[in-house]
Amino acid sequence: MELLTHFPPRNTPPVIASAAEWRAHWPQIAATGLAPFDLAVRAGLTADRLAWAFGGGYQAAIRELQPQHLTGADTGSLCATEATGNRPRDIQSTLSTLPDGSLQLNGAKRWSTMSPVATHLFVLVRDATEGDAFARPTLKLVRVSAQAPGVRITPMPATAFTPELPHAELSLQQIAVAPDDVLPGDGWSDLVKPFRTLEDIFVSAACLSHLVRVACDQAWPQTLVEDSLSALAALQVLASQPPGAAATHIALAGTLRSIDQVYAAVDAHCANAPASAAVQAWQRDRKLFGLSAKTRGVRTERAWSLVAA
């Protein structure tokens, strides 16, 4: 693991106050050529705040999902959520075939994480290319250049926690799509659902690595570092497993529970520690880790039902 070869971490990360600054810094991290899991760890170690640890882990998760579609200094945003939600029935954006046989994408998205600094958008759409108005369309994931004509990215207001992490609304009008940019497989079951698992693994790895560096810098309790490294080792194993497998989801649930215990220990330490920039940053951004608890619970219940069948 990248962290263990550089333990204890002694780097002083640069202060990065905005998404634009992070985007300028990202090529230095991506240029290391590390495998996605170690890339997530490196991103966490070199982040001066949780927002950029999350951002680096998020980019690593996309690379693990589709390594051939995001390389070098590229950055991506997986764009699924629409005005009514992010479930399959909520998706109204479409991929259609024009009379001349070319492909065109139209639609709108919101809460697209990191899209303001993305070079590529991975857009979940209803596949209407077969032209059957009565058939239930499947979903596809389509790669779109963030600079393509017809793409408009409107940043959304900052959140109360990790406010530096950018989200945006997307307007996608008459986007020309090359056949090779339609990712193979079902966009939901083969790509978006596995990505959610990979996101949990790789973002958790980046955030834990960031936490290890802060704990070492601030002389926080050694048990926090020990438990964080233990959880990182478990995440590394899970990163090598099929992200759609029930066993992966069950093991990940246990690992995430262990990570929650680490976060609770940090909470307890910060509640009694002298005020500092590190303590204040943790207390402000801590809510980031509770966002997907309900979705994870549903995923775990589904996994148990599959192994019990």
| query | Within the stretch 292-306, is even one residue acidic (D, E), over 12 Å from I250 (Cα atoms), in a helix (DSSP H, G or I) and over 20 Å from the mean Cα position of the chain (by Cα)? | reply | no
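For the stretch 120-130, does any single residue satisfy the condition of being outside any helix (DSSP H, G or I), touching a Pro at 6+ places or on another chain (Cβ under 6 Å) and modelled with pLDDT of 95 or more? Talk me through it step by step, then tell me what you get.
Of the residues in the stretch 120-130, the ones outside any helix (DSSP H, G or I) are 120-130.
Of the ones still in play, those that are also touching a Pro at 6+ places or on another chain (Cβ under 6 Å) are 126-128.
The next check asks that each one be modelled with pLDDT of 95 or more; those that pass are 126.
Checked against the condition, which is being outside any helix (DSSP H, G or I), touching a Pro at 6+ places or on another chain (Cβ under 6 Å) and modelled with pLDDT of 95 or more, the stretch 120-130 yields at least one hit.
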| task | Identify, from the list A53, A31, the residue that is surrounded by 20 or more Cβ atoms within 10 Å (Cβ to Cβ), among the hydrophobic types (A, V, I, L, M, F, W, C) and either in the same structural domain as L238 (by TED's automatic domain parsing) or within 16 Å of the chain's Cα centre (by Cα) (or both). | result | A53
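Quick check on this structure: which one of S112, S93, S171 is under 16 Å from the mean Cα position of the chain (by Cα) and not aliphatic (A, V, I, L, M)? Can you show your working first?
Numbers: S93 fails: under 16 Å from the mean Cα position of the chain (by Cα); S171 fails: under 16 Å from the mean Cα position of the chain (by Cα).
Of S112, S93, S171, the one residue that is under 16 Å from the mean Cα position of the chain (by Cα) and not aliphatic (A, V, I, L, M) is S112.
If you check R110, R87, which single one turns out to be of a type in the set (D, E, K, R), assigned by TED's automatic domain parsing to the domain that holds V144 and modelled with pLDDT under 95? Step through it out loud before you land on a result.
Working: R110 fails: modelled with pLDDT under 95.
Unique residue meeting the criteria: R87.
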| request: Would you check which residues across the stretch 163-184 are touching a residue at least 24 places away in the same chain (Cβ under 8 Å), within 14 Å of L139 (Cβ to Cβ) and touching a helix residue (DSSP H, G or I) at 6+ places or on another chain (Cβ under 9 Å) and list them? | output: L183
| request: Go through the residues of the stretch 281-288 one by one and say whether even a single one is without any contact (Cβ under 8 Å) to a residue 12 or more places away in the chain and either closer than 21 Å to E199 by Cβ or part of a helix (DSSP H, G or I) (or both). | output: no
| note | Taking the stretch 229-280 and keeping residues under 23 Å from L45 (Cα atoms), assigned to a loop (DSSP other than H, G, I, E, B) and among the hydrophobic types (A, V, I, L, M, F, W, C) leaves A273, A275
| request: Return the residue satisfying two criteria in turn: it lies in the stretch 72-109 and is in contact (Cβ under 8 Å) with a residue 12 or more places away in the chain and surrounded by fewer than 16 Cβ atoms within 10 Å (Cβ to Cβ), and of such residues it is nearest to T159 (Cα to Cα). | output: A83
| query | If you go through the stretch 157-196, how many residues are under 19 Å from G107 (Cβ atoms), of a type in the set (G, A, S) and surrounded by fewer than 16 Cβ atoms within 10 Å (Cβ to Cβ)? | reply | 3
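Evaluate the following for L198: is it in contact with a helix residue (DSSP H, G or I) (Cβ under 9 Å, 6 or more places away or on another chain), modelled with pLDDT of 95 or more and under 17 Å from F122 (Cα atoms)?
Spelling it out, L198 is indeed in contact with a helix residue (DSSP H, G or I) (Cβ under 9 Å, 6 or more places away or on another chain), modelled with pLDDT of 95 or more and under 17 Å from F122 (Cα atoms).
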| Tally of residues being touching a strand residue (DSSP E or B) at 6+ places or on another chain (Cβ under 9 Å), assigned to a loop (DSSP other than H, G, I, E, B) and closer than 17 Å to S145 by Cα across the stretch 68-101 | 5
| Filtered residues of the stretch 182-210 (kept if under 15 Å from T255 (Cβ atoms) and among the hydrophobic types (A, V, I, L, M, F, W, C)) | L198, I201, F202, V203, A205, A206, C207, L208
| message | Among the listed residues A20, A60, A51, A43, identify the single one that is touching a residue at least 40 places away in the same chain (Cβ under 8 Å) and either in contact with a His (Cβ under 9 Å, 6 or more places away or on another chain) or not in a helix (DSSP H, G or I) (or both). | response | A43
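The values are calculated or read from the model by the stated rules, or taken from the named source; none is laboratory data. Given the structure is predicted, the values throughout are model-derived calculations rather than measurements. Positions of Cβ are backbone-derived with ideal geometry, glycine not excepted, and every protein chain shown enters the neighbour counts.
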